[in-house]
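Below you'll find the structure, written out as structure tokens, and then a few comments.
The values are calculated or read from the model by the stated rules, or taken from the named source; none is laboratory data. Please read these numbers as outputs of a predicted model, since none were measured by experiment. Every residue, glycine as well, gets a Cβ built from its backbone with ideal geometry; the counts of neighbours run over all protein chains shown.
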Amino acid sequence: MNDWGRSEYKRSDMSELVRGKYAKRLRKSSNVVVLDPEVAEVFPNSEAVNKALRSLISTKRQPDKPSIKAKRKKSSTTKKSRAA
């Protein structure tokens, strides 16, 4: 008996094998992230990584500049004073 199946099966009866046929689709659907070794040493588990990333996201979302609406009000006031 050979390594790949029953004796009545022949490899020539099977379709061509393609290495990595589904690799692209798997990469798109996967959410696995590989950390560099020095980064992985800092985080003991995925929960610690998620906590750190959520903290980073929350600090990034805090506005440090005036909003667009505030800028529009200033520019419209400037236009009125120029027209007067």
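Numbers for the structure displayed
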{"read-out": "Test: residue in segment 43-56 that is loosely packed, with under 10 Cβ neighbours inside 10 Å, at pLDDT 80 or above, in a loop (DSSP other than H, G, I, E, B) and under 28 Å from the mean Cα position of the chain (by Cα)", "value": "yes"}
{"read-out": "Some residue of segment 59-78 being at pLDDT 85 or above and out of contact with any strand residue (DSSP E or B) (no Cβ under 8 Å at 6 or more places or on another chain)", "value": "yes"}
{"read-out": "Odd one out for Gly5 among (1) at pLDDT below 75; (2) surrounded by 10 or more Cβ atoms within 10 Å (Cβ to Cβ); (3) in a helix (DSSP H, G or I)", "value": "(3)"}
